[in-house]
Amino acid sequence: MTAAPARIAAGAAACGVLVLLLAVVVRLPWAGDLGIHAATVERLRHDLLDPGDPLVAADADSPYYSPWTLLLGCVAKVTGLGVFVVLRIGAVVSLAVLAGGVWAFTGTFLERAATRWRRAAVAGLVLLCLVLLWGTTLFNWSGYLGLNSLALCVAYPSTFALGASFWLWALLRRATAWGHFLGAGVLWAVILLSHQFTGVVASLGALAVVLGARPWPGPAHWLRLGAGLATGLLLIALWPYYSFFALFGAGENLEAIHRSLYRDLPARLWLVALVGGVALGLRWRRDRRDPLVLFCLAGLAVFAAGGLTGHWSWGRALPAVLIPAQTAVGLEVFGAPRRAVRLGLGWAVSAALLLGAWTQSGTLGYVLPRSALPAPVAAKYREPWGGYQWITPWVAYGDVVLAKTFPARQIPAYGPYTVAPGYPDFFLGDEHAREEAVRTYFAAGTARGDRVGVLRRYDVRWVVAYRSDGGLPAGDPALERVAVGPRGQQLYRVRVSG
C-alpha cells in the first residue's frame, strides 16, 4: 500500500470527497440546527453590539454569539448578502480550515524530509478515514465528522471549530517560541467559544499532545505553555456576548437530548473500532506515550464516565475517541515499519472505507436529483427540511410568530422571533413559561380567553399551524388566514392588540 498508485488513489479519493462537500454547500441541505445559526447571523447583522436572544424577542445572552458567528455577522452586515449566502461562504471557509488542519496535523507525524506527495497521500487517507471509517449505521451529530453528518452540519460552527482544533494540535506539536504558545492560547479560546463541545475535544487532544511530547517538555516549555493557557482563559473570561463559565450549570438541560449518543454504538462504530484499534495498538507498542493513544484514552474516559453516571451530554466527547483512531489508521497504512503490516492493514482499510462509503452513499442525494440515484442509494437518502421561506412575503423581521417546536426551529432563520425557542435556551430566564404558553395555546380544551391572552402577552403577530394542531379555529375573529404552505400548513395574521 506504499506504492505510488495507492498514494495517488488516496489523494484522488480525498479530493473527490471535498468536491462532493463543496457541491453540498451549494444546496446547503437544511436539517437540525441550521436555523439557529442562521438566526444568530441575522441578529448580528442588525445589531453587532447587543443582538439579544437569537430566537425570541428577549434581551438575553446566548452561547451562539461566538467569534465565528460574529465574523459571519460582520460579513453579512458589510456585504448585505443574504444569511444563507453568508452561511455558504462560512461553510467553504470551514472546509478549507478543516482540510488544511488535517494536512498540518498529520504532517507533524511525518519525517521533515517527507515529500509533498507523501504528505498529501497521508493527509488524504486520514481525511478519508475521518469521514468514512465509522460503522454501518449512520451517526449524525454536529461535531462528528462522518460524511453524512458533515454534509448536514458543514455550515455549523462545529465544523469550523473542528478544523481549528487540528491546527491547534499541529501548532502545539511544533511550538517552541513564545508566540507559538500565545497563539495556541488564542486559538484554544476561539474554539471553546465557537463550539463548546468541540472545545472539550480540542482540549483533550491538546493535553495528549503535551503529555506525549518527546523529549519531555522542560521548565521553559511549561512556562510558555502556562502563559498560553492563561491567555486563552483571559480571552474566554472577557468574551462579552455570554458567560462561558455559566455553561457549566447547563448540564441538566442538555442530558435528555444527548442520551441517544450512547445507543447502537456497535453498529455505528464497529469499522473504526476494529481497524482503528489495530492501528492504535501498533502505535502503543512502539511508544507508550504516543499522543494519539493518549488522546483516544482521554476521550474514552470522558465518554465512558458520561455513560456510567448518566451525564449523557459528555457523549459529545466521542470525537476525541474516534479522531485519534482514524488518524492512526491513515498514518499506519503508509508509515508502519513492517511492509507486511502496511500491506495487510492497507487492504483491510480499503475494504472498510468502501463499506463506510456505501453506508453513507445517501449523501449523494444532496447533490444529485433523487431520480438520478440508483435505487439502493436513493433508499439511503433522507430528504432535508423544507424551510419556511414561504412565510416571508408577509412576516417581517422582528415579528413574533407562535408555532410548535418543529417550525420554531426554522422560522427565526428568516428574521422573525418565536414565542418559545425551538432549542434549549439556558440563558433565557422565562424559557419554561414560554414553552408552557405555547402548550396552553394549542392544548385541547383551553378557553378562548386564555389563548387570546397568550397572543397578547407575547405580542404575537402571526400563527403558523396545521389545522390539526389545535389553537383558535380558522374562523375565529382574532385570526385572519393569509397563506397556505407545504402540506397544508396555515399562516394566520393575528388581529388582536396588546
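Could you give the size of the charge dipole of segment 157-301 about its Cα centre, using +1 on the Cβ of each K and R and -1 on the Cβ of each D and E, expressed in debye and rounded to the nearest 20? Don't skip to the end; give the middle numbers.
Details: 12 positive and 5 negative charges, 123 e Å.
Roughly 600 debye, rounded to the nearest 20.
How big is the charge dipole of the chain about its Cα centre, in debye rounded to the nearest 20, if each Lys and Arg gets +1 on its Cβ and each Asp and Glu gets -1 on its Cβ? Numbers along the way, then the final one.
Numbers: 43 positive and 26 negative charges, 372 e Å.
Charge dipole, the chain, about its Cα centre: 1780 debye, nearest 20.
Pull out the extension gain between residue 443 and residue 245, defined as 0.36 nm times the separation in residues minus the alpha carbon to alpha carbon distance; nm, one decimal. Walk me through the numbers before you get to the answer.
On the way: separation 198, 0.36 × 198 = 71.28 nm, distance 3.74 nm.
Taking 0.36 nm per residue and subtracting the Cα distance, the gain is 67.5 nm.
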remark   = quick shape note, segment 313-389: Cα extents on principal axes in Å, largest first -> 56, 36, 16
ask   = Taking Cα centroids, how far is segment 265-328 from segment 422-470 in Å?
value = 43
ask   = Which one is right for this structure if semi-axes √(5λ) of the Cα gyration tensor in Å is calculated from it: [x] 48, 27, 25; [y] 44, 26, 20; [z] 49, 20, 20?
value = [y]
message = Below 8 Å between Cα atoms, with a sequence gap of 6+, how large is the relative contact order for the chain in percent?
response = 18
ask   = So how do 267-275, 381-389 stack up, highest first, on mean other-Cβ count within 10 Å?
value = 267-275, 381-389
note = Any residue on another chain or 5+ positions along whose placed amide H is under 5 Å from the amide H of residue 485 is listed here as 490, 491
ask   = Tell me, how many Å apart are the Cα centres for segment 9-47 and for segment 79-96?
value = 8
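Read the figures in this text as sums done on the coordinates, not as results from a lab. No experiment lies behind these values; they were computed from the predicted model shown. As a convention, Cβ positions derive from the backbone with ideal geometry for all residues, glycine included, and neighbour counts pool all protein chains shown.
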